[in-house]
Amino acid sequence: MRSIQLAALLLIICPLGALAQSSATVTIDTSKSAGKVSPTLYGIMTEEINHSYDGGLYAELVSNRTFQTSRGLSLENWTLIQNGDSRAAIEIDKTTGPSAAIPHSLKMVVASAGPKADAGFSNSGYWGMAVRPSTTYRGSFYAKADSSAPGSLTVRLVNGKTGAVAAATTVSAPGNSWQRYTFNLKTGALAASADNHLEILAEHTGTAWFSLISLFPPTYKDEPNGYRVDLMEKLAALHPAFLRFPGGNYLEGDHISERYEWKKTIGPLVDRPTHPTPWTYRSSDGLGLLEFLNWCEDLHMEPLLAVYSGYSLLQEHVAAGKDLEPYVQDALDEIEYVTGGTATHWGAERAKDGHPAPFHLTYIEVGNEEYHDQSGTYDARFAQYYKAIKQAHPELQIVASAPVTLVRPDILDDNDHALHTHFYRTAQQFFQDVHRYDKYDRSAPRILVGEWATREGSPTTDLGAALGDAAWMTGMERNSDIVVMASYAPLFVNVEPGGMQWPSNLIGYDALHSYGSPSYYAQVMFSSNLGDQIVDSKLDTANPRLFESATFNLKTHHLFVKLVNASSVAQPIHVKLSGTSSVESKATLTTVSGRTTQETNTITERTRVVPVVTSIANAGKDTALTLPKYSIEVLDLVVK
């Protein structure tokens with residue numbers, strides 16, 4: 001009796017709809033196209049932040065390989081080794097180095113050593129070095145020695161916790177001039193671990209100099225100077241249509257002198273001087289312009305190349321006109337490096353660097369976040385770049401990184417460029433703005449949402465952020481005739497203490513493992529289930545946190561219905577179709593959901609929140625579903 005009274009009381013206090021969502025309906029007419037889906041809608045944006053490249057995607061295991069940090073020359077992450085009763089010292093030598101780009105080195109002086117009392121130095125890597133069983137690691141260094149050379153060198157990988165040697169080899173004694181030495185380290189049967197470091201040791205007295213000390217694990221597609229395999233595989237699963245690079249503040253630098261200078265990132269590593277970044281550490285520039293382009297080629301992505309526009313973050317800028325001309329020419333040279341034939345100067349340089357064939361290029365972005373420039377000079381600078389690029393390459397499409405006006409109508413057409421926008425928001429802000437582009441002026445510049453994310457969760461996002469992301473993506477999909485590109489940011493984060501500068505990221509990792517956030521899986525679900533036509537759809541619901549989009553593939557006849565229930569209770573819904581003669585009864589439903597919005601994945605629980613695929617045996621023109629609370633679902637129907 002008491003339970004009946006309690007139930008009645010609950011009904012008085014709470015309307016029935018507060019206990020369970022009323023049924024919703026999404027009505028889709030597959031015969032009515034609302035426009036074409038942009039073939040480049042979903043892509044990725046990248047920059048050197050959170051150790052995205054060094055200590056992340058760029059597979060190099062040695063940290064600070066040229067002894068330079070954001071604070072200047074430094075032996076950070078290098079440690080002296082004196083085994084037994086050996087005596088030795090290491091220091092930076094500013095007077096000698098392997099190249100004009102790297103004119104300094106580590107100087108090692110061994111005063112006393114022997115077979116059981118060797119001396120040298122070690123590198124700790126990026127929070128350790130991942131070592132796996134039965135694996136070959138390829139290494140190299142530049143070195144020279146004085147007349148009393150310390151003889152042949154032992155190079156080895158050592159577990160810092162146990163002292164066990166994972167692999168070792170011998171490298172011949174350095175000569176008296178700078179040369180490059182290579183070696184391989186092959187592991188046997190051992191447990192995978194990140195508790196390892198690299199050692200270089202000598203058994204004889206003498207003095208030697210070292211620089212550009214490098215060690216690579218197996219890389220994606222076994223490419224030299226390549227990419228970390230697990231991270232590339234996670235990117236491949238996103239099916240990205242484009243890569244926006246070199247990306248963000250990394251392009252601009254804090255000062256003009258610290259901008260991304262692409263000419264210093266090509267050619268042999270020994271000719272790359274490295275440079276400071278705005279994110280507290282120095283870039284090795286091992287991942288340079290050609291590596292970005294190879295990355296695009298590996299994952300079949302369209303390059304979205306951002307060129308430096310004459311503005312840097314600490315409000316330094318170059319005035320339009322004569323002063324800006326060298327920077328504009330530099331951008332034209334960069335385009336030639338990417339697209340030029342081998343008969344051109346920079347096309348020939350690309351061929352010399354190992355890629356004779358030109359790369360395909362459609363999009364050029366001028367600058368990054370230029371709305372931060374307080375000088376108000378972007379209009380004029382953009383116009384100067386626009387004119388020069390269009391004259392040399394009329395086939396290219398230009399992206400403005402801030403709104404621009406008609407500085408000179410004869411060279412700038414408002415409808416002949418795209419506008420770059422950024423959105424870093426809470427989930428609730430995205431829920432409230434999902435209809436931003438529904439009534440957007442179709443004659444206005446097309447939209448590139450070049451950086452966007454729901455900023456909730458750290459170091460990677462949680463399920464609540466994924467719900468905000470998915471809601472926002474339904475709005476972009478419904479309007480992907482005008483929203484032509486969108487790229488989540490930041491892409492990567494090294495989760496080790498000190499590795500992160502920006503919370504709420506898509507993919508997390510340490511030296512050994514990596515994982516996708518709930519937002520990552522939302523991206524995978526949306527990009528992997530996308531048609532080529534936006535179809536007419538209408539959502540009828542009383543739920544303010546229910547969102548939808550629908551696209552159709554004309555060739556395969558797959559209809560993809562995206563449904564997001566960001567509320568705390570389950571949502572019954574009917575998916576009703578018209579404009580089709582038949583629907584195959586077997587369909588698939590992919591779901592990401594959780595008990596709370598704070599549920600997430602971590603480096604130790606990497607698959608707590610992941611998509612689950614189920615089959616639906618009774619799909620039809622009216623398919624009834626119940627969306628779990630806090631869920632993102634993709635319904636895949638085959639319609640004729």
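Residue-by-condition table, conditions (1) outside the structural domain of Leu627 (by TED's automatic domain parsing); (2) modelled with pLDDT under 95; (3) closer than 24 Å to Glu233 by Cα; (4) among the small types (Gly, Ala, Ser):
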position	(1), (2), (3), (4)
Gln432	yes, no, no, no
Tyr440	yes, yes, no, no
Arg446	yes, yes, no, no
Gly468	yes, no, no, yes
Arg478	yes, no, no, no
Ala486	yes, no, yes, yes
Pro490	yes, no, yes, no
Met500	yes, no, yes, no
Gly508	yes, no, yes, yes
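Annotation: of all residues in region 32-47 being among the hydrophobic types (A, V, I, L, M, F, W, C) and outside any strand (DSSP E or B), the one that is farthest from Arg282 (Cα to Cα) is Val37.
For region 344-386, a residue qualifies if it is free of Cβ contacts under 8 Å to residues at least 40 places away in the same chain and either in a loop (DSSP other than H, G, I, E, B) or buried (at least 16 other Cβ atoms within 10 Å of the Cβ) (or both), and the qualifying residues are Thr344, Trp346, Gly347, Ala348, Ala351, Pro356, Ala357, Pro358, Gly376, Asp379, Tyr386.
Every residue, every condition in (1) surrounded by fewer than 15 Cβ atoms within 10 Å (Cβ to Cβ); (2) more than 32 Å from the chain's Cα centre (by Cα); (3) under 30 Å from Tyr515 (Cα atoms), yes or no:
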site	(1), (2), (3)
Ala34	no, no, no
Val37	no, no, yes
His51	no, no, yes
Leu57	no, no, yes
Thr69	no, no, yes
Pro103	yes, no, no
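All of (1) in contact with a helix residue (DSSP H, G or I) (Cβ under 8 Å, 6 or more places away or on another chain); (2) in a strand (DSSP E or B) hold for Leu419 with one exception: (1). Which one is farthest from the chain's Cα centre (by Cα) among residues in region 610-621 that are surrounded by 12 or more Cβ atoms within 10 Å (Cβ to Cβ) and not small (Gly, Ala, Ser)? Applying the filter and picking the extreme gives Lys621. Answer with yes or no whether Lys161 is without any contact (Cβ under 8 Å) to a residue 40 or more places away in the chain, under 24 Å from Tyr509 (Cα atoms) and of a type in the set (D, E, K, R). Taking the combined requirement at face value, the residue satisfies it.
Let's see how each residue does on (1) modelled with pLDDT of 95 or more; (2) in contact with a strand residue (DSSP E or B) (Cβ under 6 Å, 6 or more places away or on another chain); (3) of a type in the set (Gly, Ala, Ser):
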residue	(1), (2), (3)
Lys562	yes, yes, no
Ser567	yes, no, yes
Ala570	yes, yes, yes
Gly579	no, yes, yes
Gly594	yes, no, yes
Thr604	yes, no, no
Val612	yes, yes, no
Ala619	no, yes, yes
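Looking across region 170-192, the residues that are among the aliphatic types (A, V, I, L, M) and loosely packed, with under 15 Cβ neighbours inside 10 Å come down to Ala189, Ala191, Ala192. For region 614-640, a residue qualifies if it is closer than 21 Å to Val569 by Cα and of a type in the set (A, V, I, L, M), and the qualifying residues are Ala624, Leu625, Leu627, Ile632, Val634, Leu635. Just one of the listed residues (Trp209, Trp279) is within 30 Å of Leu313 (Cα to Cα) and touching a residue at least 60 places away in the same chain (Cβ under 8 Å), and it is Trp279.
Each row is one residue, and each column tells you yes or no for (1) more than 26 Å from the chain's Cα centre (by Cα); (2) surrounded by fewer than 18 Cβ atoms within 10 Å (Cβ to Cβ).
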site: Ala202; (1), (2): yes, no
site: Gly206; (1), (2): yes, no
site: Trp209; (1), (2): yes, no
site: Ile213; (1), (2): no, no
site: Glu223; (1), (2): no, yes
site: Gly226; (1), (2): no, no
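State the number of residues belonging to region 298-330 that are among the β-branched types (Val, Ile, Thr) and within 30 Å of Tyr42 (Cα to Cα). Qualifying residue count, region 298-330: 2. Of the candidates Leu251, Leu287, Leu304, Leu293, the single residue that is part of a strand (DSSP E or B) and under 19 Å from Leu361 (Cβ atoms) is Leu304.
Mind listing just one residue for me: the one in region 555-577 that is within 30 Å of the chain's Cα centre (by Cα) and aliphatic (A, V, I, L, M) and, of those, farthest from Ile534 (Cα to Cα)? My answer is Ala566.
In region 562-609, the residue that is surrounded by the most Cβ atoms within 10 Å (Cβ to Cβ) out of those that are among the charged types (D, E, K, R) and touching a residue at least 24 places away in the same chain (Cβ under 8 Å) is Lys562. Kindly indicate the residue of region 71-88 that is surrounded by 14 or more Cβ atoms within 10 Å (Cβ to Cβ) and small (Gly, Ala, Ser) and also nearest to Tyr281 (Cα to Cα) among those meeting that condition. Of everything passing the filter in region 71-88, Ser74 is nearest to Tyr281 (Cα to Cα).
The values are calculated or read from the model by the stated rules, or taken from the named source; none is laboratory data. Bear in mind the structure is a predicted one, so any value in this text is a computation, not a measurement. Backbone-built Cβ (ideal geometry, glycine too); neighbour counts: all protein chains shown.
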